[in-house]
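Let me begin by presenting the structure, written as structure tokens, before commenting on it.
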Amino acid sequence: MGLRQEDSVVGKWFEEAVFYHMYPIGMTGAPRKNEGTETVHRFDSLMKWLPHIKELGCTAIYIGPLFESSTHGYDTRDYRVVDRRLGDNEDFKKFVAEAHKIDIRVVVDGVFNHTGREFFAFQDIQKNREQSPYCSWYKGINFGWNSPYNDGFGYEAWRNCFELVNLNLWEPKVREYLLDVIGFWIDEFDIDGIRLDCADCLEFSFMEDMRRFTNEKKKDFWLMGEVIHGDYSRYVKPEMLDSVTNYELHKGLYSGHNDHNYFEIAHTIRREFDANGGIYKGLRLYSFVDNHDVDRIASKLKIPGHIYPVYTLLFTLPGIPSIYYGSEWGIQGRKEGSNDDLLRPAVDIEAALEKPDDPKLLEWVKFLGRIHAEEASLTDGSYQELLLTNRQYAFARKLDGEGIVVAVNNDENPAELRIRIPEGGKSYISLISKKEAVVQDGCICVTLAPNESEIIKFK
């Protein structure tokens with residue numbers, strides 16, 4: 001039947017979502033530099049990914065950046081135009097419509113902390129200097145200084161990357177302009193949310209303005225912020241954002257395996273989500289094992305087989321899971337200094353699915369996607385730790401007396417586990433083998449091969 005705009009008023013779709021993360025400039029093989037010449041219609045190749053994304057069990061796409069930019073997508077030239085290296089506005093409208101037809105939401109990158117140097121307001125300052133009406137649009141404009149680009153004036157830049165000029169979000173005209181841009185993307189493309197780039201650099205009052213504005217424009221419009229460090233609860237609140245990136249868990253998921261230290265992951269979850277005092281209890285944080293800014297998980301893990309329990313935990317621990325394109329079959333990729341290109345390769349989806357790097361992993365991720373969709377406890381259930389050693393970890397997700405028991409093994413050897421049951425008087429059935437687990441003395445016995453997982457339903 002597909003999604004309609006009015007469907008968004010029913011429930012908070014993002015609380016049950018599994019996201020698929022697309023970096024379109026990279027995955028389509030678009031040129032690294034935008035020469036500003038012809039428009040190349042590459043959305044046809046992105047459209048081919050939709051059946052695969054659906055088969056993975058993903059219910060939402062985070063795609064971006066899309067604004068017309070000069071290079072990597074985050075140096076915006078024009079907020080109202082899709083990057084010509086990808087196509088035009090009509091191409092993206094079609095992409096969103098096709099995604100909605102198969103019940104997949106679409107969220108875009110909102111790059112509102114800075115613009116590129118080719119943005120009209122900055123170019124006006126270059127041309128008209130002190131007489132420009134846009135001097136107040138940027139932070140730190142100083143005509144008594146000079147920039148590394150020899151502009152004859154200085155300005156604040158994001159992390160001293162002077163191709164990214166920091167906007168002054170205290171300027172009312174800047175806020176008005178950006179909110180108008182957001183309204184344009186909602187009205188023109190029917191997007192379902194925005195991932196806020198550099199949310200930890202944005203003014204809180206600006207994000208509050210954005211929340212009020214989007215609430216009026218579209219019910220259940222999702223706002224998620226890129227936040228790396230700090231207290232996530234400062235951002236995730238009804239008057240501001242729905243979610244932020246859980247970098248704390250991201251770090252635990254790979255280093256907890258590399259160090260054979262499940263205590264790190266368990267401590268993170270206990271600190272964040274435990275029913276007794278978890279500081280983010282009740283919040284829906286955005287979980288990921290890799291993205292366009294960090295090394296691919298298949299390259300980051302010291303033992304390749306650990307990727308299986310990593311994905312098990314991604315889908316079953318509290319949080320909104322996200323898959324970065326191609327990592328579901330084990331694409332490799334590491335940064336080279338400041339160069340992110342190897343994290344963002346071109347991929348022909350049809351050729352990749354004919355011969356994926358790790359077809360077993362791909363099938364495991366599909367299975368996890370189905371389980372996540374079918375088991376309400378994985379989205380709404382409480383968390384309860386059941387067993388913890390350096391190399392084995394078991395926990396339950398419980399909802400109304402039913403739920404899921406998850407057990408993982410990061411050892412190179414098989415493990416025999418006795419896991420205390422979270423609820424008595426229930427049947428325990430493996431969702432993998434379909435066999436019933438025997439309950440004895442308040443425990444179930446589970447045998448795990450190296451890097452193996454078990455997922456058991458109880459009701």
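The values are calculated or read from the model by the stated rules, or taken from the named source; none is laboratory data. Values in this document were obtained by computation on a predicted structure and should not be read as measured data. As a convention, Cβ positions derive from the backbone with ideal geometry for all residues, glycine included, and neighbour counts pool all protein chains shown.
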Mind checking which pairs have a first residue in region 172-185 that is of a type in the set (Gly, Ala, Ser) and a second that is surrounded by fewer than 19 Cβ atoms within 10 Å (Cβ to Cβ) and assigned to a helix (DSSP H, G or I), Cβ under 8 Å, 6 or more apart or different chains?
-> GLY183/PHE213; GLY183/LYS217
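Table: residues versus (1) out of contact with any helix residue (DSSP H, G or I) (no Cβ under 7 Å at 6 or more places or on another chain); (2) surrounded by fewer than 19 Cβ atoms within 10 Å (Cβ to Cβ); (3) in contact (Cβ under 8 Å) with a residue 24 or more places away in the chain; (4) part of a helix (DSSP H, G or I).
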| residue | (1), (2), (3), (4) |
| --- | --- |
| THR214 | no, no, yes, yes |
| SER233 | yes, yes, yes, yes |
| LYS251 | yes, yes, no, yes |
| SER255 | no, yes, no, yes |
| PHE263 | yes, yes, yes, yes |
| HIS267 | yes, yes, no, yes |
| ARG270 | yes, yes, yes, yes |
| LEU283 | no, no, yes, no |
For GLY282, all conditions in the list (1) modelled with pLDDT of 95 or more; (2) over 21 Å from LEU342 (Cβ atoms) hold save one; what is the number of the exception?
-> (1)
Here the residues within region 132-154 that are free of Cβ contacts under 8 Å to residues at least 24 places away in the same chain and surrounded by 17 or more Cβ atoms within 10 Å (Cβ to Cβ) are SER132, TYR134, CYS135, ILE141
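Yes or no, residue by residue, for (1) over 16 Å from TYR383 (Cα atoms); (2) in contact (Cβ under 8 Å) with a residue 40 or more places away in the chain:
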site	(1), (2)
VAL289	yes, no
ILE297	yes, yes
LEU314	no, yes
TYR324	yes, yes
ASP341	yes, yes
Among strands (runs of 3 or more DSSP E) completely within region 320-400, the ones holding 1 or more residues that are in the same structural domain as SER433 (by TED's automatic domain parsing), buried (at least 17 other Cβ atoms within 10 Å of the Cβ) and not aromatic (Phe, Trp, Tyr) are 382-388, 392-399
Quick one: in region 155-168, which of the residues that are among the charged types (D, E, K, R) and surrounded by 14 or more Cβ atoms within 10 Å (Cβ to Cβ) is nearest to the chain's Cα centre (by Cα)?
-> GLU163
Verdict on PRO309 being assigned to a loop (DSSP other than H, G, I, E, B) and either among the charged types (D, E, K, R) or at pLDDT 95 or above (or both) = no
Find the residue count for region 217-231, including only residues that are surrounded by fewer than 23 Cβ atoms within 10 Å (Cβ to Cβ) and either in a helix (DSSP H, G or I) or not acidic (Asp, Glu) (or both).
-> 7
Within region 29-78, the residues that are assigned to a loop (DSSP other than H, G, I, E, B), under 18 Å from the mean Cα position of the chain (by Cα) and more than 24 Å from THR115 (Cα to Cα) are TRP49, LEU56, GLY57, CYS58, THR59
Filter region 75-90 down to residues that are among the charged types (D, E, K, R) and in contact with a Leu (Cβ under 8 Å, 6 or more places away or on another chain) and give me whichever is nearest to LEU46 (Cα to Cα).
-> ASP83
Looking across region 99-125 at residues that are of a type in the set (Gly, Ala, Ser) and outside any strand (DSSP E or B), the single one that is surrounded by the most Cβ atoms within 10 Å (Cβ to Cβ) is ALA99
